[in-house]
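Please read the structure below before turning to the comments.
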Amino acid sequence: MKKLALHWKIIIGMILGIIFGFIMNSIDGGKGFVADWIAPFGKIFINLLKLIAVPLILASLIKGVADLKDISKIKSMGLRTISIYIGTTLIAIIIGLSIVNLVKPGDGMSKETIEKIKLKYADDAGVVDKLTKASNQKSAGPLQALVDIFPSNIFKSFVNASMLQVIFFALFVGICLLLIEEKKASPLINFFDSLNEVVMKMVDLIMLFAPYAVFALLANVIIAFDDTEILLKLVQYALCVVFGLALMIGFYLVLINSYTKKSPLWFLKQISPAQLLAFSTSSSAATLPVTMERVEEHLGVDKEVSGFVLPVGATVNMDGTSLYQGIAAVFIMQVIWPEGLTFTNQLVIVATALLASIGSAAVPSAGMVMLVIVLESIGFPEELLPIGLALIFAVDRPLDMCRTVVNVTGDATVSMLVAKSLGKLNEPNPKNWDDNYEEVK
Ligand code: ASP
């Protein structure tokens, strides 16, 4: 396997994991074997990625801001990033709503199928868990999300990996480094520069393990599928989401090509390991270290841009999630609450799906929790909520995998656009894990 490019190794790992999962699904005791002996390796991999996320954000953002040498540049980078993020998310929701209204995947679902899905999933622990999480989220005041950005104890933010709080702290430190004498600032800047290099090297080393980890992750996903009959009933809805997500990727490629003049294929090739990991882990947060490594070293985006745009994007920019929320909300209405399908309600969905995607955590199935809030905002009857979630629950995991790919690709695209607009798009300079190995082995 030595000479194969990383993304091919990961793809092979994924395919073998899927095949292995199906084989284990059909063998007595196979599921238990995967859960006990295979899945833990996927977990170790995700733990390692999460382990380095906080130091990585901290180091690259502090160093990046301090390197900008100019506070007005931070403002213009911030404004550009947030406006492009909002713009792409709105486009994603509009694409989603257009598809679901044209295709109408919810029409024609038989009463029997609805009843069957209701029986199987409405009381399922997964559905109940999403509803509880959503009601916790809702009970907070309207400005709670803003309050949550400002930590009172930064160590708590590190421990909880609260990304926005860590980003705020790093920006604060970076700006203050700019405001003090250079002589006094440089030891700390050098420290974070060095920390950044170390963490990037950790990404290279962790990625050596990626092909085996995705094998474990996908085998574990496959053993969770048991009712293929229900899956088939939902295929039209699932295809709508997948088609919308594919359109979104196409839209990014057009943006990249027209604004940065880089070839779409080149972009996809460079970013593909991050996309494949997003698919396998269903978490933009876990993928973040790899996204940062690919964007900085392989796409040539300067650290000062990627250090800001990517961590912020992983938390607030979820185009895939918002597209999915638009489709899922309307699909559920088509099936069990057709009277709610008004134009005004769809406009409300645009606004709430935008906010919901900002508020969704970058972890598996967070989008489904926020979907509850989108549905509530249009007055969806509360007693129908468990049935609504039950309807889409069976296919949620595969769709989560796909939408996470779009979330990560969207962040990478915006970082390229912002870098280009600030003259911070350089020649790529990929590093290997063993660049200095000869000297120390
Ligand atoms: N899993 C997605 C992410 O991490 C969020 C979601 O749509 O559930 O980006």
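Yes or no: the range 372-380 includes at least one residue that is open to solvent by less than 40 Å² (accessible area, probe 1.4 Å) and more than 26 Å from Leu102 (Cβ to Cβ). Scanning the range 372-380, I find no residue that is open to solvent by less than 40 Å² (accessible area, probe 1.4 Å) and more than 26 Å from Leu102 (Cβ to Cβ), so the answer is no.
One residue alone among Gly42, Gly64 is under 30 Å from Leu422 (Cα atoms) and in contact (Cβ under 8 Å) with a residue 60 or more places away in the chain, and that residue is Gly64. The residues of the range 347-361 that are surrounded by fewer than 24 Cβ atoms within 10 Å (Cβ to Cβ) and closer than 21 Å to Val128 by Cα, listed by number, are Gly359, Ala361.
Taking the conditions exactly as written (modelled with pLDDT of 95 or more and over 26 Å from Thr287 (Cβ atoms)), does Val147 satisfy them or not?
Details: modelled with pLDDT of 95 or more: no; over 26 Å from Thr287 (Cβ atoms): yes.
In short, no.
Residues of the range 59-73 that are part of a helix (DSSP H, G or I) and open to solvent by 20 Å² or more (accessible area, probe 1.4 Å): Lys63, Asp67, Ile71, Ser72, Lys73. With a requirement of 3 or more residues that are open to solvent by less than 60 Å² (accessible area, probe 1.4 Å) and farther than 27 Å from Gly313 by Cα, the helices (runs of 4 or more DSSP H) lying completely within the range 81-175 that satisfy it span 111-121. Filtered by the rule that a residue be within 14 Å of the chain's Cα centre (by Cα) and either more than 11 Å from Ser360 (Cβ to Cβ) or more than 10 Å from the ligand (Cβ to nearest atom) (or both), the range 315-331 gives Val316, Asp319, Leu323. Search the range 381-394 for residues being open to solvent by 10 Å² or more (accessible area, probe 1.4 Å) and under 22 Å from the mean Cα position of the chain (by Cα), and hand back the single one that is farthest from Thr315 (Cα to Cα). Restricting to residues being open to solvent by 10 Å² or more (accessible area, probe 1.4 Å) and under 22 Å from the mean Cα position of the chain (by Cα), the top hit is Ala394. When the test is whether a residue is within 16 Å of the ligand (Cβ to nearest atom), farther than 30 Å from Asn196 by Cα, modelled with pLDDT under 95 and of a type in the set (A, V, I, L, M, F, W, C), Ala224 passes it.
State yes or no: is Leu49 part of a helix (DSSP H, G or I), over 22 Å from Pro364 (Cβ atoms) and out of contact with any Cys (no Cβ under 6 Å at 6 or more places or on another chain)? Let's see the steps before the verdict.
Working: part of a helix (DSSP H, G or I): yes; over 22 Å from Pro364 (Cβ atoms): no; out of contact with any Cys (no Cβ under 6 Å at 6 or more places or on another chain): yes.
In short, no.
Here Leu255 meets each of (1) open to solvent by 10 Å² or more (accessible area, probe 1.4 Å); (2) more than 24 Å from Asp396 (Cβ to Cβ); (3) modelled with pLDDT under 95 with one exception, condition (3).
For the range 313-341: of the residues being open to solvent by 10 Å² or more (accessible area, probe 1.4 Å), touching a helix residue (DSSP H, G or I) at 6+ places or on another chain (Cβ under 9 Å) and part of a helix (DSSP H, G or I), which is farthest from Phe243 (Cα to Cα)? Step through it out loud before you land on a result.
Of all residues in the range 313-341, those open to solvent by 10 Å² or more (accessible area, probe 1.4 Å) come to 315-316, 334-339, 341.
Filter again for touching a helix residue (DSSP H, G or I) at 6+ places or on another chain (Cβ under 9 Å), leaving 315-316, 334-337, 339, 341.
Adding the requirement that they be part of a helix (DSSP H, G or I) leaves 315-316, 334-336, 339.
Values: Thr315: 24, Val316: 23, Gln334: 19, Val335: 20, Ile336: 23, Glu339: 26 Å.
This residue is Glu339.
Filter the range 291-302 down to the residues that are in a helix (DSSP H, G or I) and buried (at least 24 other Cβ atoms within 10 Å of the Cβ), then identify the one that is nearest to the ligand (Cβ to nearest atom). Show your work before the answer.
Quick first cut of the range 291-302, residues in a helix (DSSP H, G or I) only: 291-298.
Checking the rest, the ones that are also buried (at least 24 other Cβ atoms within 10 Å of the Cβ) come to 291-296.
Values: Thr291: 11, Met292: 15, Glu293: 18, Arg294: 16, Val295: 16, Glu296: 20 Å.
Going through the qualifying residues, I end up with Thr291.
Taken together, the residues in the range 12-24 that are within 22 Å of Val290 (Cα to Cα) and open to solvent by less than 50 Å² (accessible area, probe 1.4 Å) amount to 3.
Can you pull out every residue in the range 418-441 that is over 25 Å from the mean Cα position of the chain (by Cα) and not in a loop (DSSP other than H, G, I, E, B)? Tyr437, Glu438, Glu439, Val440, listed by residue number. Taking the conditions (1) under 22 Å from the mean Cα position of the chain (by Cα); (2) open to solvent by 10 Å² or more (accessible area, probe 1.4 Å) in turn, Ile52 satisfies each one other than (2). For Val406, the criteria (1) within 10 Å of the ligand (Cβ to nearest atom); (2) closer than 26 Å to Ile114 by Cα; (3) hydrophobic (A, V, I, L, M, F, W, C) hold in every case but one, which is (2). Within the range 342-385, the set of residues being polar (S, T, N, Q) and within 16 Å of the ligand (Cβ to nearest atom) comprises Thr352, Ser357, Ser360, Ser365. With respect to the stated conditions, Thr344 fails to be among the polar types (S, T, N, Q), open to solvent by 20 Å² or more (accessible area, probe 1.4 Å), part of a helix (DSSP H, G or I) and in contact (Cβ under 8 Å) with a residue 12 or more places away in the chain.
This table checks each residue for (1) of a type in the set (D, E, K, R); (2) modelled with pLDDT under 95.
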site: Asp28; (1), (2): yes, yes
site: Lys31; (1), (2): yes, yes
site: Asp36; (1), (2): yes, no
site: Ile44; (1), (2): no, no
site: Ala53; (1), (2): no, yes
site: Gly64; (1), (2): no, yes
site: Asp70; (1), (2): yes, yes
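The single condition among (1) outside any loop (DSSP other than H, G, I, E, B); (2) open to solvent by 70 Å² or more (accessible area, probe 1.4 Å); (3) of a type in the set (Val, Ile, Thr) that Ile27 does not meet is (1).
Taking the residues in the range 276-290 that are open to solvent by 10 Å² or more (accessible area, probe 1.4 Å) and closer than 16 Å to Met14 by Cβ as candidates, determine which candidate is nearest to the ligand (Cβ to nearest atom). Looking at residues that are open to solvent by 10 Å² or more (accessible area, probe 1.4 Å) and closer than 16 Å to Met14 by Cβ, I get Phe279.
The values are calculated or read from the model by the stated rules, or taken from the named source; none is laboratory data. Because the structure is predicted, anything quoted here is derived from the model rather than measured. With ideal geometry, Cβ positions are generated from the backbone for all residues, glycine too; neighbour counts draw on all protein chains shown. Protein only, heavy atoms only, side chains kept; ligands, DNA and RNA dropped before computing areas. Shrake-Rupley method; radii C 1.70, N 1.55, O 1.52, S 1.80 Å.
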